[in-house]
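Report on the following structure.
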Amino acid sequence: MNKKRKAFLLKQLHQWHWVSSALCLISLMLFSATGITLNHAADIPASPKRTLHEGRLPAPLTHNLQKTGQGPLPANIRDWLNHQWGLGIGEESAEWSSDEIYLALPRPGGDAWLAIDRMDGQVEAEITDRGWIAFFNDLHKGRNTGAAWAWFIDIFAVASLLFAFTGLGLMVLHAKRRPATWPVTLAGLVLPWLLIIFFMH
């Protein structure tokens, strides 16, 4: 490879390497930290906090429930419940029966559910909060995080691959001046497989 071409390639690799590293930095720290907390989940104490809400829908909203029979809760009822208790109800489909509506509201780091009596508008809701560590662990797994976070994880993964491959390209170009490059890289490849072969049963 001639010097001019090598200089151009080095410039491009450095450019993409630092851009991808800047994009990945905070997320890489988050996913690395939550990798540790997930790996030691059994050793981290958790005390879920449960909050129970009880109330009654206004009469016009209860009447509206008696006319509706499937799909998400009507928008005016969602607005009322969100205003009262901050449940974060969107357009999730509820389970409708002749006398009750049940809605599961899973979320990162916790859970929630809602039950409404269709006859008299009596409402019960429970919110469970498992704490910040559980919240970030669920972000790591993409558990109950919605489509936007799923897209973010995919984009972050692509940026991380770009960071890794541009780093590999830089290693290739600098390997002659750094004799330990390939032995260390090979060790990083072989070590996980040795652990899998000898220590996983």
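Cut-off is 10 Å between beta-carbons; in what order do 201, 17 appear when sorted fewest neighbours first?
Least crowded to most crowded, the residues run 201, 17.
Got a sec? Charge dipole of the stretch 49-130, +1 on Cβ for Lys and Arg, -1 for Asp and Glu; which of 121, 98, 86 is way out at the positive end?
The Cα lying farthest towards the positive end belongs to 86.
In the chain, which whole DSSP H runs stretch at least 20 Å along their own axis (Cα) and average 1.0 or higher on the Kyte-Doolittle scale?
Values: long enough: 3-39 (47 Å, 0.41); 146-174 (42 Å, 1.69); 181-199 (27 Å, 1.95).
What comes out of the filter, once short or polar helices are dropped, is 146-174, 181-199.
Could you give the length gained on full extension between residue 70 and residue 54, defined as 0.36 nm per residue of separation minus the Cα-Cα distance, in nm?
Going from the current span to full extension adds 3.5 nm.
Modelled label-to-label distance, residue 26 and residue 120, 7 Å Cα→beta-carbon offset: nm?
4.9
Distance from the Cα centre of the stretch 10-47 to that of the stretch 86-124, in angstrom?
36
Values in this text are rule-based calculations from the coordinates and carry no lab data. For clarity, every value in this text was computed on a predicted model and none was experimentally measured. Here the Cβ is made from the backbone with ideal geometry for all residues, glycine too, and neighbour counts use every protein chain on show.
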